[in-house]
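Okay, so here's the structure we're looking at.
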Amino acid sequence: MHPVIFIVFLPLLAAIIAGLGGRWIGQTPSKVVTTGSLFIGAALSWPIFIGYLTGGSQEQVVQVLSWINSGNLQVAWELRVDALTAVMLVVVTTVSSLVHLYSWGYMAEDPSQPRFFAYLSLFSFAMLMLVTANNLVQMFFGWEGVGLASYLLIGFWYHKPSANAAALKAFVVNRVGDFGFSLGIFGTFWVFGTLSIPAILAAAPSMAGSTVGFAGMHVDTMTLLCLLLFVGAMGKSAQLGLHTWLPDAMEGPTPVSALIHAATMVTAGVFMVCRLSPMFEQSATATMVVTFVGAATAFFAATVGTAQNDIKRVIAYSTCSQLGYMFFAAGVGAYGAAMFHLFTHAFFKALLFLGAGSVIHAMHHEQDMRFYGGLRKEIPFTFWVMLIGTLAITGVGILGVGFAGYHSKDAILESAYASGSVHGTIAFWAGAIAALLTSFYSWRLMFLTFWGKPRWGASEHIRHAVHGDHDHPDAEHGDSSHDDDMPPAGTGGYHPHESPLTMLVPIGLLAVGAIAAGFTFSHYFLESAEFWNGSVAFNEHLAHAMHGVPTWVKYTATVVMLIGLAIAYNNYIRNPQDAAGFVKQFGGIYRFVKNKWYFDELYDRLFIRPSLWFGRLFWMRGDEGTIDRFGPHGAAYAVGVGNKITARLQSGYLYSYALVMLLGLIGAASWAIWWASK
Amino acid sequence: MTNLPLLTLLVAIPLVAGGLCLFVNASAARWIALIATLIDLALGSYLWAAFDPNGAQWQFVEHLPLAAGINWDLGIDGIALVLIMLSVFLMPICIGASWRSIDKRVPEYMAAFLLMEALMLGVFAAQDLFLFYVFFEGGLIPMYLIIGIWGGAERIKASYKFFLYTLFGSVLMLIAMIYMVLQAKTTSIPVLMAHDFPVDAQKWLWLAFFASFAVKMPMWPVHTWLPDAHVQAPTAGSVILAGVLLKMGGYGFIRFSLPMFPEGSAMFVPFVFVLSGIAVVYTSLVALVQTDMKKLIAYSSVAHMAFVTFGLFAFNRQGIEGAMMVMLGHGLVSGALFLCVGVVYDRLHTREIAKYGGLSNNMPGYALLFMVFTMASVGLPGTSNFVGEFLSLVGTYKVSSWAAVVATTGIILGAAYMLLLYWRIAFGEARTKEAALMTDLSAREWWLLAPIAAGVFWMGIYPESFIRPFRNDVGRILERVERATPAGDMNLTPGKPQPQAEQHAAEAAH
């Protein structure tokens, strides 16, 4: 049997054992089974990946079971392994196994750990089904499966109304994306007559330039299909317009944020575009839209990230922004660079989230950075790995050697510039500005958390901890203060403690990835058509042109990174009053950005309230006020039989009535037959 | 074995058992009903196993002329087979669900249920037009009694509404049937399925049948009896109503409307699509604001059944097979959801969503199964409803991408109202003291819900077991309707040939 069978199905088995049997087998065995299944998966995945790096492996499809057969719509449960899948296998199993291990420490006090670990493993299974899909329906299965797991994990602390609201929102907003994805699948089936991904990709070039009817319009076939599918990608990867669920998803436990809402699930949209890249290559309009949406998201999310106070929300917007980079890389045709950034981002973003989790753990569930400060000396290990993560995300490096993000983000910016198109150039500038903002908010996070004087004393969480008030719910809390001013300095007598080894070891390993994933794999992802071996539409021309960009383009990323660092240093270390001064001077901009450009408020007015209003209208005025009034009630009134029948029923003649009805029925039928055969 | 009149036995066993029930006490009636329904389940499973998907269209055929020209003609094709399976699977569960919660007039209750089973199975097995009619309309009577006698406070109003709607439909259908028999000189359904009625007449016949089936379905705007009937019916009544009785509408369309009036059906495709589209959006939005659990699920049924009418009138294999799968999937899932409501209703005696909350704390087993059925209801892949909804929407897209766009909004709205329901019931904190004290599922309740959950996953992961029996029958319907199939709005036009190809073409022309 091919090892991919074990990689994919062991986590499912583990999830079932821990989920259904957790109450009987106990906590530790549940945790061992789930964590073990993912470590086995990781151990089996790396050799597969290395097989593609060394060029020895060909793509393979492992048949599992037939699924839906309806005429020429034939889809099966099957596992596809090629270079693209191998990259995702490594990312998913590695991050997932480390997050499982980390959760041993992070969730140690939670009473429902078997449930938590079962959900994590269930998620990993669905994600692995997604990345090994050989047909669009199985991809959709994985797609919805990760959505389910995400819903369950965001709402893991289900006694919190905010967690439930966030879970519901995540699922429904994703469903808006799935609406497009579904229509894209339907259209693709009728255009190509198949849902098998390799068959569709092979036939895609022959459909270039063809047109098709859709909702009363006549449009370019490939543009229509790609854009519909891309709506799905936008939902899952939280792109501008469908991004509103991701920040709220931080209501879930931090390991979940690291695994699902940073490293893996949210990158599924990027994976989808890369997997279907030969389709997208057939439509210049579609790739242009992908580029614009990606660039706009990169910029938008970075602006919002600069004004958040909740440490997890900063990283969440950062994720949103980084996903934008991946999309515009794909949009300009640099699929290798998009996947490379996905790969490196998985390490450093998971690192940042787990590091943030370690800080939150140390600070007794306080998440507001205004109540941090001076933690560098208290939790040194966490500080150092967070520093590595920050160096990676801001893209620190020189002369071709640097942290992971340096390699992938530079490649994206250079590709965007090298693509030469107008939208590529716009994306380049948007990406450069976003890189400046990234550097600013990342260093802001570091400075507020680890430098300066302690400001813990004012935190309610810390006060609870100091006074031994253990009634406090053992869950995470976001922005606890609406006050924009910094709280006064003081430790309040609290001593932060470094996290246990089960948490530090996974962070340490991810830090190795955040340092080395860039320069180790850069050649394969960015320059090697042999490595990709046809699994993405690798553009060799662009890969070469990338190196030929002007020198100033090559240094743009580094320069903006330094500017962002300098501003953050000035505002939060050197002249802390400058930040407050900026807020006072540009209050309008600050509020606009802090309130996330008012997307939630807009959607509430545009969609949620009207839906409820129409629901009530249709119910009260439609069903009861119109249909019933003129229908059954009206009929009863008109004929005047209603009252009589009702009276009969109530006086206990039900049986005789029913008998009469039956006899009448049979009589009528007999008469009809007699009449007919006459 | 094959010499036995299996279908007659299938109908007769519950009928006889139902008669027996009237003469015994409550406890014995329960056991008789359970045993009879289990025997029918065994018989049905045998039919499923013995049915040859590649064999004759009609299998297990029986013929016995009765008085007055009605023939006792029974026989099933794959379509009838799977619906019979659905019925015999849900019946023992219904008896089990009524075990404790029904305590007045138990023998009569069990007799009514068994009578209903006999009539339902008769509907699917009948091959004679008037036999079908008797079963079809007769099935209303026990349902009517179950709501009217064992229902809630407003039961009389609900059963009256139910009666009025369905009576209206069936009168028109009877008139159409009489015309058909006069015209075609036969009462045999298989013969009628191959009979070509004049296109002009088809229009009227189609409308007459539509009146009856649309009410049963129910389609918007003749759906308002359903929420009331569900709310007032006892749990098991709701299960059968949603699980099987609603499927008779879809069965009617697929057995009569499509093969007997292909041109008539094609003519009304836009009409059906518009009504179905309204149903999806309208009833989903209404479901969103419900405060009564049963009403919410009832409205969701209307929205889901619209996927059936979309699929059936898509005139292609994916659409019709999808519609069949939606019927089966919805039969299981809505039945299970009503059982889930019944479980908490038995404990707290209210259907008000606002009285519950936080059940994940004290009823983890219940919360798990309720989650499974909620996810199946929103059509998560891997569950029964996905297969059906996916196929029927694929089919719909071929005929009208507009219709597919409207219908697909159902996946967004469906998620919204179902997850909102789940949140208010199972998450958060208990909103009443009583809700927090409710006990988790009993062994009996596990036995009711777990088999349905297994069925939901089986249908979702390996639907082939269910599609295979009716694949050829759908093919036969497609042959019948082929001549009237609407063209659809895809109009795929190939692009301009590549410059190189153009050159070659030019050279070839010289």
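Laboratory data are not the source of any read-out in this text; all were calculated from the coordinates shown. It should be emphasised that the depicted structure is a prediction, and the values quoted were computed from it without experimental measurement. For neighbour counting, all protein chains shown are included, and Cβ atoms are generated from backbone atoms with ideal geometry for every residue, glycine included.
What the Kirkwood sum gives for the stretch B:37-110 is a hydrodynamic radius of 14.6 Å, with every pair of different alpha carbons counted.
Were the residues from A:Thr520 through A:Ala43 laid out at 0.36 nm apart, the gain over their Cα-Cα distance would be 169.8 nm.
For the pair the stretch B:377-393 and the stretch A:348-408, the centres of their Cα atoms are 43 angstrom apart.
Charged side chains reduced to their Cβ positions (Lys and Arg at +1, Asp and Glu at -1) give the stretch A:28-177 a dipole of some 340 debye around its Cα centre. Put in line by how crowded their Cβ is, counting other Cβ atoms within 10 Å and starting with the fewest, B:Val61, B:Val378, B:Val326 read B:Val61, B:Val378, B:Val326. Exposure proxy shown here: for A:His407, A:His464, B:His349, the number of other Cβ atoms within 10 Å sets the order, fewest to most, as B:His349, A:His464, A:His407. Put a dot 7 Å past the Cα of A:Gln585, heading toward its Cβ, do the same for A:Val422, and the two dots end up 3.5 nm apart. Taking 0.36 nm per residue of separation and subtracting the current Cα-Cα distance, fully stretching the chain between B:Trp447 and B:Ile35 would add 146.8 nm. Between the stretch B:396-455 and the stretch B:150-186, what is the C-alpha centre distance in whole Å? Using only Cα atoms, the two centres lie 31 Å from each other. Compute the Cα gyration tensor for chain B, then decide on rounded, prolate or oblate, letting a ≥ b ≥ c be the square roots of its eigenvalues: rounded whenever a/c is under 1.5, prolate when a/b is larger than b/c in the other cases, and oblate in all that remain. It comes out oblate by the Cα gyration axes.
Among A:His2, B:His223, the order by Cβ neighbours within 10 angstrom, fewest to most, reads A:His2, B:His223. Largest first and in whole Å, the equivalent-ellipsoid semi-axes of chain A read 47, 34, 27, each the square root of five times a Cα gyration tensor eigenvalue. The distance from the alpha carbon centre of the stretch B:84-135 to that of the stretch A:229-297 is 50 Å, rounded to a whole number.
In summary, the aspartates and glutamates within cross-link reach of A:Lys409, defined as a Cα separation below 20 angstrom excluding same-chain residues under 8 places away, comprise A:Glu527, A:Glu540. What does the C-alpha gyration tensor say about the overall shape of the stretch A:1-142? Classify as rounded when a/c is under 1.5, otherwise prolate if a/b is larger than b/c, or oblate. Here the stretch A:1-142 falls in the oblate category. Tell me, what is the FRET efficiency for A:His495 and A:Thr28 to the nearest 0.05, using R0 = 41 angstrom and their Cβ-Cβ distance as r? Result of the calculation: an efficiency of 0.90.
Packing order of peptides A:586-596, B:329-339, A:143-153, highest average first: B:329-339, A:143-153, A:586-596 (average count of other Cβ atoms within 10 Å over each peptide's residues).
With a 10 Å cut-off around each Cβ of A:144-155, the average count of Cβ atoms from other chains is 3. Put a dot 7 Å past the Cα of B:Leu182, heading toward its Cβ, do the same for A:Arg609, and the two dots end up 6.0 nm apart. Under 5 Å between amide hydrogens, built in the peptide plane, is the criterion, and for B:Glu62 it picks out B:Leu74, B:Gly75 among residues at least 5 positions away or on other chains.
Residue by residue along B:414-424, Cβ atoms of other protein chains within 10 Å of the local Cβ number 4 on average. When only the Cβ of Lys, Arg, Asp and Glu is charged (+1, +1, -1, -1), the dipole of the stretch A:244-377 relative to its Cα centre reaches about 300 debye.
For a straight C-alpha distance cut-off of 16 angstrom, the aspartates and glutamates reachable from A:Lys377 (same-chain residues fewer than eight places away being disregarded) are A:Glu498.
For the peptide A:209-216, the mean number of other protein chain Cβ atoms found within 10 angstrom of a residue's Cβ is 6. Pull up the cross-link candidates among the lysines for B:Lys161, meaning alpha carbon to alpha carbon under 22 Å and not fewer than 8 places away within one chain. Leaving aside lysines fewer than 8 places away in the same chain, those within reach of B:Lys161 are A:Lys644, B:Lys216, B:Lys247, B:Lys294, B:Lys295. When the Cα positions of A:Phe141, A:Leu44, A:Gly305 are compared along the charge dipole of chain A, A:Phe141 comes out farthest toward the positive end, with charges on each C-beta of Lys, Arg, Asp and Glu.
A Förster radius of 22 Å combined with the Cβ-Cβ distance from B:Lys104 to B:Lys433 puts the calculated FRET efficiency at roughly 0.15. Take every Cα pair under 8 Å in the stretch B:218-350 that's 6+ residues apart, average their separations, divide by the length, and report that relative contact order as a whole percent. Relative contact order for the stretch B:218-350 comes out at 34 percent.
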